[in-house]
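Colleague: I have a structure I would like to understand better, so I am pasting it below and will then ask my questions one at a time.
The values are calculated or read from the model by the stated rules, or taken from the named source; none is laboratory data. The model shown is predicted, which means the values in this text are computed figures rather than measured ones. A quick note on method: Cβ atoms are made from the backbone with ideal geometry, for glycine too, and the neighbour counts reach across all protein chains shown.
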Amino acid sequence: MRTRCLCQICTCGRHHCPQGATKIYDHAGVFYPTTEYLEKYPTYGGVLPPPSLKPKQQFQACRGKMEGITTFKSDYRPYEVVQPSRHIPEEYKPKQGKIDFGTTYKQDFNSYQVQPVAIVRPLERQQLKKGKLDTVPTYKDDYRPWELQKRELCKPEHTYHPPTVRFGNATTFQDDFVPRPLESRFTRRKWAHGPQQEGSSGCRPVGAALRGPCPFQGSTIYSVDFTPKQLEACPASDPSPRGYKFETTDSQGHRFFRKITV
């Protein structure tokens, strides 16, 4: 019959077997990582897996002498630099003789003898003698003023007379907003267990707590719906679970039990 571990018999989830440290390498002489294939298909008869044909990653040093020539030195060799030739200009020597300052403008556009131009402006008019003009213009002859009498103003004359007594008039604010006496307001509250009550403390309700007709029940929705349940004892809490017989203990500390059949 199949044996069961103590953590498999537990129903409360608080009994756990000791868990050993996990390692990817075995304690045997051959070190190879454990895989899913090796766990499902273990070796038999001490037969080891075939050796890997992958070459070892070892550094093989070159034993030859290293040449001190780089690709830069082999491709870009130094060349002899020659200074380029420089053109030397001839020495300036001024020409002998007179300089002809004649230009093409002077040759093409020669000067001509020009006479002064006569003035075209007309002669000034003779000033007439100043005198008084007795003639009547056409505007005054056509638009003659009417004989109208001046109207008197209809606006009454308002003469300001300063007051002779001290200022004692009331303002518009005092006339419109007359002080009035404050009226006491009463609050009316209606209770389910009594008549109406009146108070003189404004619209604010009285802070005194009033008792209702029924006694107060301290039950809540949580206490009604979520009642304490009676927990069953876990079979793994006993040193020897009921209905199981102790079988053996492995190297990692797992306790295995065998179920008793009647």
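Colleague: Does Q174 meet the test of being surrounded by 10 or more Cβ atoms within 10 Å (Cβ to Cβ), out of contact with any His (no Cβ under 9 Å at 6 or more places or on another chain) and modelled with pLDDT of 75 or more?
Modeller: Answer is yes for this residue.
Colleague: Residue check: is K56 over 56 Å from the mean Cα position of the chain (by Cα), at pLDDT 80 or above, of a type in the set (K, R) and assigned to a loop (DSSP other than H, G, I, E, B)?
Modeller: no
Colleague: Can you tell me which residue among P205, P215 is more than 30 Å from R2 (Cβ to Cβ) and either touching a Gly at 6+ places or on another chain (Cβ under 7 Å) or modelled with pLDDT under 75 (or both)? It would help to see each step written out before you state the result.
Modeller: On the way: P215 fails: either touching a Gly at 6+ places or on another chain (Cβ under 7 Å) or modelled with pLDDT under 75 (or both).
None of the others qualify; the one that does is P205.
Colleague: Right, another one. I'd like the residue in segment 214-262 that is closer than 26 Å to H15 by Cβ and among the acidic types (D, E) and, out of all such residues, is surrounded by the fewest Cβ atoms within 10 Å (Cβ to Cβ).
Modeller: Only one residue fits best here, namely E232.
Colleague: Further question: Need the failing condition index for Y143 against (1) modelled with pLDDT of 75 or more; (2) of a type in the set (F, W, Y); (3) surrounded by 10 or more Cβ atoms within 10 Å (Cβ to Cβ), just the number.
Modeller: Single failed check for Y143: (3).
Colleague: Another question about this same structure. Across segment 210-248, what is the number of residues that are over 57 Å from the mean Cα position of the chain (by Cα) and among the charged types (D, E, K, R)?
Modeller: Within segment 210-248, residues that are over 57 Å from the mean Cα position of the chain (by Cα) and among the charged types (D, E, K, R) number 4.
Colleague: In the list Q96, Q107, which residue meets the criterion of being polar (S, T, N, Q), more than 60 Å from the chain's Cα centre (by Cα), at pLDDT 80 or above and not in a loop (DSSP other than H, G, I, E, B)?
Modeller: Q107
Colleague: Do we find that Q149 is of a type outside the set (V, I, T) and surrounded by 10 or more Cβ atoms within 10 Å (Cβ to Cβ) in this structure?
Modeller: Taking the combined requirement at face value, the residue does not satisfy it.
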